[in-house]
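Comments concern the structure below.
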């Protein structure tokens, strides 16, 4: 089963190494990892997606909370959260397919963020399924390069507040 783990921690060097090391020592492959600053200065938040047994992952979550500089670690339930991914896709445009490509960009709710002659860079943001769908729709075009972020997630409820 896939799990989305959120970790609130102090924003200091070495925390990512300790967090990812804990997962690797337990034999978990991290499918995606995103980390960024929070609304509170000096705090960062990780969003980690892993596959694993519920019981074993609960043990990992408890071990995470024992790490120095980790404030809180919790499992985010998909039904209780808003999740997003982001992708940039570089395409070499063929004149004969330009109109067709513009229709796909609209259907995939993508945006053209750069166009330098025949090279276009598209931006796609959405849940995992939406980003997957955009890649599937663009698969028949000349994709030169792409990059995709990991998932970020935030719970709909306001039950978790970060204290100073």
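The values are calculated or read from the model by the stated rules, or taken from the named source; none is laboratory data. These numbers were taken from a predicted model, which means no experiment stands behind them. Quick reminder, even Gly has a Cβ in these numbers, built from the backbone with ideal geometry, and neighbours come from all protein chains shown.
In the set (1) in contact with a helix residue (DSSP H, G or I) (Cβ under 9 Å, 6 or more places away or on another chain); (2) in contact (Cβ under 8 Å) with a residue 40 or more places away in the chain; (3) in a strand (DSSP E or B), residue 82 fails one condition alone, (1). Selection over the stretch 92-108 of residues that are farther than 15 Å from residue 143 by Cα, loosely packed, with under 14 Cβ neighbours inside 10 Å and in contact (Cβ under 8 Å) with a residue 24 or more places away in the chain gives a count of 1. No other residue among 147, 152, 143 is at pLDDT 90 or above, surrounded by fewer than 15 Cβ atoms within 10 Å (Cβ to Cβ) and within 23 Å of residue 16 (Cβ to Cβ) apart from 147. So which residues in the stretch 1-51 are in contact with a helix residue (DSSP H, G or I) (Cβ under 8 Å, 6 or more places away or on another chain), modelled with pLDDT under 90 and under 22 Å from residue 81 (Cα atoms)? Once the filter is applied, which keeps residues that are in contact with a helix residue (DSSP H, G or I) (Cβ under 8 Å, 6 or more places away or on another chain), modelled with pLDDT under 90 and under 22 Å from residue 81 (Cα atoms), the stretch 1-51 yields only 1.
Which residues, counting only those in the stretch 109-127, are closer than 14 Å to residue 137 by Cβ and surrounded by 15 or more Cβ atoms within 10 Å (Cβ to Cβ)?
First pass over the stretch 109-127, keeping only residues closer than 14 Å to residue 137 by Cβ: 109-110, 122, 124, 126.
Passing the criteria: 110, 122, 124, 126.
Taking residue 57, is it outside any strand (DSSP E or B), out of contact with any helix residue (DSSP H, G or I) (no Cβ under 8 Å at 6 or more places or on another chain) and closer than 20 Å to residue 125 by Cβ? So residue 57 fails the test. Among residues that are at negative phi and outside any strand (DSSP E or B), residue 103 is included. For the stretch 52-85, the set of residues classified as at pLDDT below 90 and within 13 Å of the chain's Cα centre (by Cα) is empty.
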